[in-house]
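> Have a look at this one.
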Amino acid sequence: MREEIAKAVEYLLSSRRTVALTGAGISVESGIPPFRGPGSLWEKFDPMEYAHINAFLKDPEKIWKTLIAEMRDVLMNAAPNAGHFGLARLEKLGLMGTVITQNIDGLHQKAGSTDVIEFHGNFAWLSCLECGIRKEIGQVNAADLPPRCDCGGIFRPDCVFFGELIPPEALDRSQQASAQCDVMLVVGTSATVQPAAYMPVIARQRGAAIIEINPEPTPLTGTTSQVLVQGKAGEVMNELVSAVESLKK
Ligand code: NAD
Ligand code: ZN
């Protein structure tokens, strides 16, 4: 077993309260491109032109027909991978509590995690800009964009656009979970989008051990995190959880 995996196993087995923070990287093996880098959505769509709330409000039809249509095709067909399943397996063993995710793809819930905080909302849900009613994205008429509510209002995705605040309840719960954990597993995030990237810092300040799983080092590596297990989320989680399962038996 790699030294980093052995260390991570030791931390997990001795922790009373473990939480996870995940980012786009955990869903890469599910075929969802990450935020930055080659193949990313932002190579095609400038975020300030397409993913800023003001851009959406100014021309919802354009954003629905481009960015949202493309994301819908990718996200609706995605299935969880070994990274998501690994976190759910840890929960079953009693070794994982809250999963704070920056992803909007709903894959943690599909994999079986039961306590998920969606820091940036969920793409599968829409809400009406006029009356606030919520509907699943599959329930609205996709032929006529932007989709409209019975009240005449335009539907928006229930995710956090640039220029918007994190839903206060998600932020409060995440800060609390981060402050109260002994171990935080940070999987597949570049730790550059705030305030999500601050959660490991809160945990560290309260004495928690921070374990990162990522093919690349991040700004947390060597400063906030004690261990970086380098590799793909699915492969590393499989190795890690299998080791934990065999020691727990
Ligand atoms: P990011 O795109 O900034 O960084 C991705 C990170 O994942 C990088 O550190 C990269 O090294 C790592 N990575 C790449 N492949 C990996 C793999 N196979 N296993 C593990 N790690 C891997 O992502 P971020 O930090 O989450 O910030 C991006 C923002 O964009 C988030 O706030 C999120 O809301 C949004 N986003 C969500 C999705 C999704 O829902 N799946 C996809 C793209 C972007
Ligand atoms: Zn309405």
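> Are there any pairs with C-beta distances below 7 angstrom linking a residue in the range 56-75 that is among the basic types (Lys, Arg) to a residue that is assigned to a helix (DSSP H, G or I), with the two at least 6 apart or on different chains, and if so which?
Matching pairs, first to second residue: 72/137.
> Among the residues in the range 29-46, are any at pLDDT 95 or above, under 15 Å from the mean Cα position of the chain (by Cα), more than 21 Å from residue 126 (Cα to Cα) and within 14 Å of ligand 1 (Cβ to nearest atom)?
Yes - at least one qualifying residue is present in the range 29-46.
Okay, residues lined up against (1) surrounded by fewer than 19 Cβ atoms within 10 Å (Cβ to Cβ); (2) within 26 Å of residue 137 (Cα to Cα); (3) among the basic types (Lys, Arg):
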{"residue": "154", "(1), (2), (3)": "yes, yes, no"}
{"residue": "164", "(1), (2), (3)": "yes, yes, no"}
{"residue": "175", "(1), (2), (3)": "yes, no, no"}
{"residue": "194", "(1), (2), (3)": "yes, no, no"}
{"residue": "203", "(1), (2), (3)": "no, no, no"}
{"residue": "230", "(1), (2), (3)": "yes, no, no"}
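> Here is a follow-up. Collect the residues in the range 1-45 that are assigned to a helix (DSSP H, G or I), touching a helix residue (DSSP H, G or I) at 6+ places or on another chain (Cβ under 7 Å) and either among the polar types (S, T, N, Q) or open to solvent by less than 30 Å² (accessible area, probe 1.4 Å) (or both), keeping them in residue-number order.
Answer for the range 1-45, where residues must be assigned to a helix (DSSP H, G or I), touching a helix residue (DSSP H, G or I) at 6+ places or on another chain (Cβ under 7 Å) and either among the polar types (S, T, N, Q) or open to solvent by less than 30 Å² (accessible area, probe 1.4 Å) (or both): 5, 8, 9, 12, 25, 26, 27, 30.
> Name the residue, out of 104, 100, 137, 117, that is β-branched (Val, Ile, Thr), within 16 Å of ligand 2 (Cβ to nearest atom) and under 25 Å from residue 77 (Cα atoms). Write out each step before concluding.
Values: 104 fails: within 16 Å of ligand 2 (Cβ to nearest atom); 100 fails: within 16 Å of ligand 2 (Cβ to nearest atom); 117 fails: within 16 Å of ligand 2 (Cβ to nearest atom).
None of the other options fit; the residue is 137.
> Please work out if residue 186 is in contact with a strand residue (DSSP E or B) (Cβ under 9 Å, 6 or more places away or on another chain) and within 13 Å of ligand 1 (Cβ to nearest atom). So that I can check it myself, show each step before the final result.
Working: in contact with a strand residue (DSSP E or B) (Cβ under 9 Å, 6 or more places away or on another chain): yes; within 13 Å of ligand 1 (Cβ to nearest atom): yes.
Yes.
> Still on this structure, please answer the following. What's the total number of residues in the range 127-167 that are in a strand (DSSP E or B), in contact with a Pro (Cβ under 8 Å, 6 or more places away or on another chain) and within 16 Å of ligand 1 (Cβ to nearest atom)? If you could, list the steps in order and put the result at the bottom.
Looking only at the range 127-167, we keep the residues that are in a strand (DSSP E or B), and these are 127-128, 134-136, 148, 154-159, 162.
With in contact with a Pro (Cβ under 8 Å, 6 or more places away or on another chain) added as a condition, the list becomes 154-156, 162.
Add one more test, that the residue is within 16 Å of ligand 1 (Cβ to nearest atom), and what stays is 156, 162.
Total meeting the criteria: 2.
The values are calculated or read from the model by the stated rules, or taken from the named source; none is laboratory data. Bear in mind the structure is a predicted one, so any value in this text is a computation, not a measurement. Methodologically, a virtual Cβ is constructed for each residue, glycine included, from the backbone with ideal geometry; neighbour enumeration extends over all protein chains shown. Surface accessibility is based on the protein's heavy atoms, side chains included, excluding ligands, DNA and RNA. Shrake-Rupley method; radii C 1.70, N 1.55, O 1.52, S 1.80 Å.
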